[in-house]
Amino acid sequence: MLNQATQALLGREPGPVLLSIPYNVQKEAVDDSVLEQIHFPRKAAIRNTASVAELAALIRDAQTPVIVAGHGCIRAGGRDVVAAFAERFNIPVTTSLKAKGVVAEGTPLSLGCLGVTSNGDAYRYLVEHADLLIFLGAGFNERTSYLWDAKLLADRKIARIDRDPAQLGRVFQPDVAICGDIRAVMEDVFATLDEDGMAPKALDRLDTHRAAVMPSANDRETAGPEAFHLIQRFFSGLAQRFPHNALVFDDNIVFAQSYFDVSDRNHYFPNSGISSLGHAIPAAIGARCFAKDSPTFAILGDGGFQMCCMEMMTAVNYGIPLNVVLINNATLSLIRKNQFQLYGERYIDCDFTNPDFGLLAQSFGVAHYRVETDTDLDAMFANADLTGAINLIEILLDKHAFPRYLSAR
């Protein structure tokens, strides 16, 4: 059993493990020599240099290549190599939600986040301009692929690098596929193209793209960016004040995906997967136990917050600094948005009455900041100890304001 657990936990594709040991067994004495029988898997990097020349040729022939970086880049420790590669050869980079910050967002070559809940900027560039997509450790799930929109991959070459061979042809058939460590493979490709003296790609298409006006919202979209002014300013302030070493755990994901420019030295952990509400607070507490000096933020809607708000007492009891950012709009936003867009505004069981969050914070013995105006936000950033204290930061949002995306087609 322990050998199976270590294989799952520490193998080439590590995942979570739950060991359930009966209570009577836990009370028994154990000979610690049993630990010598546990076999720990090796994590040797797999390098497939035979295909590096093919990938280099694709990049050399492309006029407007784009890197689509996934979480595999972060797991492989490849942030710096990908950023250096992109800068050397003028190749724009977009990321999946879990890979925000592989290349510092807000910098010239960053297209931001690709995904159905994003602002759509990266999607437009890929569809309108890219002739080669280089997937680096990206699973290309239904969020990133816009529910597998055929236009994303049509009429362009595809390259894919992943250390998991099962990923290489799972969703689409790439023109070049390399199974290997992303950092090692990109170092080889970088060296090959650099030695060949490949010139940087022209950025005229990227400049034209950025100068273009974003398409207007359709009739079923309810609010422009002005409705989310405070949230935009919060994320902008967060990025400016904490350009490195911050840990951000995000239940909400929709706002951060478009408004939070993650630097290449910060760590963003979205609640993707099945998006279980309430994940951010306990996850942030656990992370801060190990990252002693990292400013830590848990971002939630009010619905998710009420599923796990009692965990703030865990932070209090153990003296764990934590900033809980609560977006208060007195509704389950995703449910309300879907009922507006898809069900003729028939609102059922999505609105609720919140408690007084200031009194709740007082009962926990933590600081509370209620943000309704720009002045409130500026005062919070000026006065709150966001590094060494426990804070509940409540940002008010109109429940009739929804982000501009459709959850289904």
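The values are calculated or read from the model by the stated rules, or taken from the named source; none is laboratory data. Quantities reported herein were computed from a predicted structural model and do not represent experimental measurements. For neighbour counting, all protein chains shown are included, and Cβ atoms are generated from backbone atoms with ideal geometry for every residue, glycine included.
Screening segment 79-104 for residues that are in contact with a Cys (Cβ under 8 Å, 6 or more places away or on another chain) and in a loop (DSSP other than H, G, I, E, B) and picking the one that is surrounded by the fewest Cβ atoms within 10 Å (Cβ to Cβ) gives SER96.
For (1) out of contact with any Lys or Arg (no Cβ under 6 Å at 6 or more places or on another chain); (2) crowded, with 17+ Cβ neighbours inside 10 Å; (3) among the aliphatic types (A, V, I, L, M), each residue gets a yes or a no:
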{"position": "LEU230", "(1), (2), (3)": "yes, yes, yes"}
{"position": "GLY237", "(1), (2), (3)": "yes, no, no"}
{"position": "ARG241", "(1), (2), (3)": "yes, no, no"}
{"position": "SER258", "(1), (2), (3)": "yes, yes, no"}
{"position": "SER263", "(1), (2), (3)": "yes, yes, no"}
{"position": "PHE269", "(1), (2), (3)": "yes, yes, no"}
{"position": "SER276", "(1), (2), (3)": "yes, no, no"}
{"position": "ALA280", "(1), (2), (3)": "yes, yes, yes"}
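Scanning segment 159-190 for residues that are touching a helix residue (DSSP H, G or I) at 6+ places or on another chain (Cβ under 9 Å), of a type in the set (A, V, I, L, M) and over 23 Å from ALA84 (Cβ atoms) yields a single hit, ALA177.
Selection of segment 314-344 for residues being in contact with a Gly (Cβ under 9 Å, 6 or more places away or on another chain), of a type in the set (A, V, I, L, M), touching a residue at least 40 places away in the same chain (Cβ under 8 Å) and in a helix (DSSP H, G or I) yields VAL316, LEU334. Where strands (runs of 3 or more DSSP E) fall entirely within segment 231-301, those with at least 1 residues that are aliphatic (A, V, I, L, M) and either touching a residue at least 24 places away in the same chain (Cβ under 8 Å) or touching a Phe, Trp or Tyr at 6+ places or on another chain (Cβ under 6 Å) (or both) are at 247-250, 296-301.
Just one residue in the set LEU360, LEU386, LEU392, LEU377 is at pLDDT 95 or above, part of a loop (DSSP other than H, G, I, E, B) and touching a strand residue (DSSP E or B) at 6+ places or on another chain (Cβ under 8 Å); that residue is LEU386. Which one is farthest from VAL189 (Cα to Cα) among residues in segment 108-134 that are assigned to a strand (DSSP E or B) and more than 13 Å from the chain's Cα centre (by Cα)? Top of the filtered list is LEU111.
Condition check for LYS399 on (1) more than 18 Å from ILE281 (Cα to Cα); (2) surrounded by 13 or more Cβ atoms within 10 Å (Cβ to Cβ); (3) out of contact with any Ser or Thr (no Cβ under 6 Å at 6 or more places or on another chain): one failure, at (3).
Condition check ((1) of a type in the set (Val, Ile, Thr); (2) crowded, with 20+ Cβ neighbours inside 10 Å) across all residues:
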position	(1), (2)
GLY169	no, no
CYS179	no, no
ILE182	yes, yes
VAL189	yes, yes
MET198	no, no
ASP204	no, no
THR208	yes, no
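Could you please find all residues in segment 55-75 being within 20 Å of LEU114 (Cα to Cα) and either surrounded by 19 or more Cβ atoms within 10 Å (Cβ to Cβ) or of a type in the set (Gly, Ala, Ser) (or both)? Answer for segment 55-75, where residues must be within 20 Å of LEU114 (Cα to Cα) and either surrounded by 19 or more Cβ atoms within 10 Å (Cβ to Cβ) or of a type in the set (Gly, Ala, Ser) (or both): THR64, PRO65, VAL66, ILE67, VAL68, ALA69, GLY70, HIS71, GLY72, CYS73, ILE74. The set of residues from segment 135-193 being free of Cβ contacts under 8 Å to residues at least 60 places away in the same chain and either touching a Pro at 6+ places or on another chain (Cβ under 6 Å) or part of a strand (DSSP E or B) (or both) comprises ILE158, ARG160.
Return a yes/no flag: does segment 64-78 have any residue that is free of Cβ contacts under 8 Å to residues at least 24 places away in the same chain and either in a helix (DSSP H, G or I) or not aliphatic (A, V, I, L, M) (or both). No: segment 64-78 contains no residue that is free of Cβ contacts under 8 Å to residues at least 24 places away in the same chain and either in a helix (DSSP H, G or I) or not aliphatic (A, V, I, L, M) (or both). Report whether or not ASP251 is among the acidic types (Asp, Glu) and either surrounded by fewer than 22 Cβ atoms within 10 Å (Cβ to Cβ) or not assigned by TED's automatic domain parsing to the domain that holds MET307 (or both). The answer is no for ASP251.
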